[in-house]
Every structure is written in C-alpha cells, then in structure tokens.
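**Q** Take this structure, written in structure tokens, and hold onto it; I'll ask about it next.
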Amino acid sequence: MPRGGKTVGKTGSSSSSSKKPYEVTATVTSMLQELQALITQTQDERDRSEHTLNAIGKTHDKMKQETKVSNYFKQKIQGLYANALEDAKSELVLLEQALDKTAEIKQEIGDKQSRPVLQPMKIEDVQSRRQGMRRGMLMTVLHQYAIEQPVWKGKPGESPPPLCGALPADEKYRCKANDQVAARVKTEDGEEQWILAEVVSYNSHNHRYIVDDIDEEGHNEKRRYHVSKRRVIPLPMYKADPQTTSQALFRVDQLVLALYPQTTCFYRAIIHEQPRDLSCEYSVLFEDTSYAEGYSPPLDVPQRYVLPMRETKRR
C-alpha cells in the first residue's frame with residue numbers, strides 16, 4: 001500500500017478537485033428542521049432562565065434592605081434557585097440533543113458524499129458508536145480536552161520531555177489510573193481495534209493493564225479489557241508549540257495512529273501537514289482502500305489524538 005510523499009500529494013489535490021457538490025436530500029432537510037426546532041426550544045428555555053435569574057437579583061436587592069432576612073424571603077430565594085437549577089438542566093438536555101442532531105447530520109452528509117470506509121479497519125463499525133443522546137456531548141468533551149491540553153514551555157536550550165507532542169513515553173513509564181490511552185482490544189465481532197480507553201489499573205507482575213472503553217454507547221456499563229503493556233499507547237501530556245518545539249512534532253509523511261473525527265477509534269494515517277501554530281491541528285490522510293490512491297482526503301486531528309504508530313502481533 002503506497003505511503004510516499006508523491007502519493008500523498010496526489011491524494012490531497014485530486015480528492016479536493018474531483019469532489020462533487022453535495023445536494024441536500026429530503027432526509028437532511030428534515031434533520032435540519034429538527035435541529036432548528038431544538039435551537040428555538042433552547043432559546044425559549046434560556047429566556048425563561050433569564051427571567052428567573054432577574055427575579056433572583058431583584059429578590060437579593062430587597063433582602064439587602066432588610067435588617068433581618070424574613071422567612072418569606074428565605075423561602076422565596078430558595079425556590080428561585082431551585083427553579084434556576086431546573087432551567088439549567090432543561091437547557092443542557094436540549095443542547096445535548098442539538099449536538100447529537102448535528103452529529104447525525106454530519107454523518108448523513110458524509111455518507112451521501114461517499115465518506116471513506118476504511119479497510120481493514122472496518123470504519124462502518126464506527127457508525128454505531130455515533131448514535132445516542134450522549135454522543136455529541138462526549139465528542140465535545142474530548143475536543144475540549146484537546147483544546148485545554150497544556151503546552152510545554154521549557155527554558156532556552158532545554159529539550160522537550162517524553163510525552164510532549166510526538167515524543168514517545170520512556171520505556172519504564174507506567175500509565176496511572178484514569179489516564180486516557182489508546183488500547184488495542186478485541187471487539188465483540190472478533191476484530192482487533194485501537195480504541196480510546198481509560199486506565200483502571202496496571203499489574204507490574206504480568207505487565208498488563210485493565211482499561212475501560214471510554215465510549216459507553218449501546219451498553220449498560222463500560223466495556224472492560226485486559227491488555228498487555230505493548231497494546232497500550234499513552235496520550236501526550238503536553239502539546240508541542242510549532243514555533244518553539246517543532247522537533248516534537250510528527251514529520252510530514254510519517255505513519256501514525258490518529259483518532260478518526262467524531263469517533264473514539266484510532267486508525268493508521270500519515271501526516272499531510274503539521275500544525276502551523278498552537279491553534280492549528282494536524283492534517284492527516286487515513287489509509288482507505290476505497291480511494292484509488294489508498295488514502296482519504298485530508299482530515300484535521302488535534303495533537304492530543306495523534307500517536308506514534310505501533311505494530312502488534314495478532315493473537
């Protein structure tokens with residue numbers, strides 16, 4: 001399968017130039033109308049919440065005028081705060097629904113545009129991971145983790161440490177409980193898959209981790225796996241600054257594992273472009289045999305979710 005720079009160049013240019021404009025289908029139109037309705041409901045809920053917050057403010061002003069706060073004002077302010085909390089919860093539910101609907105629309109549009117089905121990675125299995133009420137919120141949280149990842153700032157002449165950007169962990173490094181990692185596990189259909197997981201514990205005697213799949217979708221409880229140290233890759237602790245620590249970035253054309261957008265699965269990819277500054281992400285090309293060049297069009301992935309490639313033997 002081709003991986004060279006020439007192939008990458010062709011992929012990036014031909015994919016974008018031959019891409020046909022998307023025609024809005026009746027399904028997408030209906031989904032957009034549902035999204036608009038959710039947005040309207042969210043605004044209505046926000047207006048109601050604002051009214052409650054104004055009432056809280058006015059009540060506090062009246063309470064300040066009293067030498068001793070009466071039971072009437074105590075009960076009133078408690079009731080207003082309870083209402084404000086319920087308003088916030090209702091607004092949160094609507095926002096989650098709107099995020100989920102947005103993800104569904106993106107998926108529908110992606111499917112109609114012949115979105116890549118990666119082989120042998122079985123990207124179609126990822127589609128089931130994108131359903132449900134909590135999916136949009138999970139994707140938002142994961143993206144927020146990437147945005148808030150600390151940037152390594154060293155002294156002049158100081159080299160960046162392991163787990164800064166592309167730099168791998170030290171050989172003796174052990175992931176701690178609650179650390180997020182990429183773990184290669186055997187899924188329910190018997191296929192092996194790199195997933196985003198959370199460390200539960202590490203056994204130093206048999207050198208094995210217990211990890212939980214970070215995605216609970218479709219299950220009553222988290223799926224738990226026992227995996228060897230070789231099948232776990234820690235996520236970087238620090239973001240590399242392209243302006244000052246470019247040596248801690250993956251090279252263009254380098255083979256990596258990258259988190260496919262809007263999923264919790266890592267797949268083989270090559271670096272198409274490095275981030276230009278701290279606000280930018282990697283542009284990667286995922287291996288995809290449905291394209292003649294063998295790669296998908298360029299997709300953006302945050303530094304936090306681009307990892308050194310690690311080959312593992314099948315059991």
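**Q** Loop only per DSSP, at most 16 neighbouring Cβ atoms within 10 Å: give me the GluC sites (Glu not before Pro) in region 168-232, ordered by residue number.
**A** Working: sites: 171, 188, 191, 192, 198, 216, 217, 221; in loops: 171, 188, 191, 216, 217, 221.
Those satisfying the criteria are 171, 188, 191, 216, 217, 221.
**Q** For residue 208, what accessible area in Å² do you get when you roll a 1.4 Å probe over the heavy atoms of the protein chains, rounding to the nearest 10?
**A** 80
**Q** Could you sort out which of 176/222; 89/239; 155/239; 155/229; 186/222; 176/229 sit more than 24 Å apart by Cα distance in this structure?
**A** Details: 176/222 18 Å; 89/239 34 Å; 155/239 16 Å; 155/229 33 Å; 186/222 15 Å; 176/229 12 Å.
From 176/222; 89/239; 155/239; 155/229; 186/222; 176/229, over 24 Å: 89/239; 155/229.
**Q** Give me a comma-separated list of calculated 3J(HN,Hα) values for region 221-237, in order, Karplus coefficients 6.51, -1.76, 1.60 applied at θ = phi - 60°, integers in Hz, x for any Gly or Pro.
**A** 9, 5, 7, 10, 10, 10, 9, 6, 4, 5, 9, 10, 10, x, 6, x, 7
**Q** At a 1.4 Å probe radius, carbon and sulfur cover how many percent of the accessible area of region 20-101? Show your work: numbers first, answer last.
**A** Values: 3200 of 5830 Å².
Heavy-atom surface of region 20-101 belonging to carbon and sulfur, 1.4 Å probe: 55 percent.
**Q** Leaving ligands and nucleic acids out of the surface, order 64, 89 by accessible area at 1.4 Å, largest first. Please report the intermediate quantities before stating the final value.
**A** Numbers: 64 160, 89 105 Å².
Of 64, 89, the descending order of accessible area is 64, 89.
**Q** Treat each spin label as a single point 7 Å out from the Cα along the C-beta direction, and report the residue 176 to residue 290 distance in nm.
**A** 4.1
**Q** For residue 85, tell me the accessible area in Å² from a 1.4 Å probe, rounded to the nearest 10.
**A** Rounded to the nearest 10, that gives 100 Å².
**Q** Moving on to the next point. How many percent of the accessible area of region 196-315 is carbon or sulfur, using a 1.4 Å probe? Kindly include the intermediate steps, with their values, before the conclusion.
**A** Details: 2470 of 5490 Å².
Roughly 45 percent, rounded to a whole number.
**Q** Please report the orientation-averaged projected area of region 179-315, defined via the convex hull of its C-alpha atoms, in nm². List each step's numbers first, then the result.
**A** Values: hull surface 38.7 nm².
Averaged projected area of region 179-315's Cα convex hull equals 9.7 nm².
**Q** Which ³J(HN,Hα) values, rounded to whole Hz and listed in residue order, are derived for region 278-292 from phi using the Karplus coefficients 6.51, -1.76 and 1.60 in 6.51 cos²θ - 1.76 cosθ + 1.60 with θ = phi - 60°, glycine and proline given as x?
**A** Running phi through 6.51 cos²θ - 1.76 cosθ + 1.60 with θ = phi - 60° gives 5, 7, 9, 10, 5, 9, 10, 10, 7, 4, 7, 6, 6, 9, 4 Hz.
**Q** Hey, got the dipole for region 137-241? About the Cα centre, +1 on K and R Cβ, -1 on D and E Cβ, debye to the nearest 20?
**A** Details: 15 positive and 17 negative charges, 123 e Å.
Once rounded to the nearest 20, the dipole reads 600 debye.
**Q** Protein chains only, probe 1.4 Å: how do 152, 194 rank by accessible area, largest first?
**A** Reading off the accessible areas and sorting them downward yields 152, 194.
**Q** Give a quick list of chymotrypsin sites (Phe, Trp or Tyr not before Pro) in region 19-85 that DSSP marks as loop, anything other than H, G, I, E or B, with at most 16 other Cβ atoms within 10 Å.
**A** On the way: sites: 22, 72, 73, 81; in loops: 22.
Answer by residue number: 22.
The values are calculated or read from the model by the stated rules, or taken from the named source; none is laboratory data. This structure is a prediction, so every number in the text was calculated from the model and none was measured. We place every Cβ from the backbone using ideal geometry, glycine too, and count neighbours over all the protein chains shown. Please note that ligands, DNA and RNA were not included when accessible areas were found on the heavy atoms of the full protein model with its side chains. Shrake-Rupley method; radii C 1.70, N 1.55, O 1.52, S 1.80 Å.
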